[in-house]
1. Provide the net charge surrounding ASP132, with neighbours chosen by a C-beta distance below 11 Å and charges set as Lys +1, Arg +1, Asp -1, Glu -1.
2. Taking the structure as given and computing P(r) over Cα pairs in 10 Å bins from 0, in percent, which label from [x] 7, 28, 29, 20, 11, 4, 1, 0; [y] 9, 37, 39, 14, 1, 0; [z] 9, 34, 37, 18, 2 fits?
3. Can you give the accessible area per residue of the chain, in Å², using a 1.4 Å probe?
4. What's the extension gain from SER3 to ARG89 if we count 0.36 nm per residue and subtract their Cα-Cα distance?
5. Once R0 is set to 22 Å, what does the formula 1/(1 + (r/R0)^6) return for the Cβ-Cβ distance between GLU69 and ALA47, expressed as a FRET efficiency to the nearest 0.05?
6. Along the Cα-to-C-beta direction of LEU20, a point sits 7 Å from the Cα; which residues of region 78-99 have their amide N less than 12 Å from that point?
7. Could you tell me the distance between the Cα centroids of region 128-196 and region 64-122, to the nearest Å?
8. Calculate the FRET efficiency for ARG108 and GLU147 from the Cβ-Cβ distance with a Förster distance of 35 Å, rounded to the nearest 0.05.
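The values are calculated or read from the model by the stated rules, or taken from the named source; none is laboratory data. In this text the structure is predicted, and so the values were computed from the model without any measurement. Using ideal geometry, Cβ is built from the backbone for each residue, glycine included, and neighbour counts are taken over all protein chains shown. Quick note on the areas: whole protein, heavy atoms, side chains included, nothing else; ligands and nucleic acids left out. Shrake-Rupley method; radii C 1.70, N 1.55, O 1.52, S 1.80 Å.
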Amino acid sequence: MDSLLAAVRACRLCEAELPLGPRPVVQLGAGARILIIGQAPGTRVHATGIPWNDPSGNTLRRWLDLDRETFYDAAQVAIMPMGFCYPGRGKSGDLPPRPECAPTWHARILAALPNIRLTLLIGLYAQRYYLDKRYRTLTDTVRHWREFAPDRFPLPHPSPRNRRWLTQNPWFEQDTVPALQARVHEVLSIKPPAGS
């Protein structure tokens, strides 16, 4: 794992296309049981080199019911975005993840993560890449999460920009998030709080 991590962090494959330069951001541990596949780092994550170290990460940790210590324990949670580096800014937000990362690195990384029991597919890019069955919209895919369980769980992006989506789809936080938390607790052998 150390040599793989070193190779990922030394990657300069699309350096010429990255406005802030390369800084691959991943979290990998051979014993990890949960794998999070999101889109790509934003500017805050690029600056710190810590995945999900921003308001989106705060929301994601709340959805998972994980504290920062557990979330950032590579022995329990692996994080491998579709694009490892900040891709730059577009007209309505960050650009899509660079297309080079997933085909170059994902298979090698997955082979080094033999204990994964739950993969969280956050956002449309991860869902299109990893789900055989496709629905017309991200909303429909997330609504049908049971069809991908127990090994895979499609989620919307937890960005503050998605507040409108959450307001329009209250079923997600009422029904889906509790099921997600139960599965996360099961995979990580976390006992639920007393009385729940």
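1. Numbers: positive: ARG128, LYS133, ARG134, ARG152; negative: GLU147.
Net charge around ASP132: +3.
2. Computed from the coordinates, P(r) over Cα pairs in 10 Å bins from 0, in percent corresponds to [y].
3. Values: 9940 Å² over 196 residues.
It amounts to 51 Å² per residue over the chain.
4. Working: separation 86, 0.36 × 86 = 30.96 nm, distance 3.14 nm.
Gain on stretching SER3 to ARG89: 27.8 nm.
5. Values: r = 22 Å, r/R0 = 0.98.
Taking R0 as 22 Å, the efficiency between GLU69 and ALA47 is 0.50.
6. Within reach of a label on LEU20: 85-89, 94-95.
7. For region 128-196 versus region 64-122, the Cα centre distance is 16 Å.
8. Working: r = 28 Å, r/R0 = 0.81.
The calculated FRET efficiency here is 0.80.
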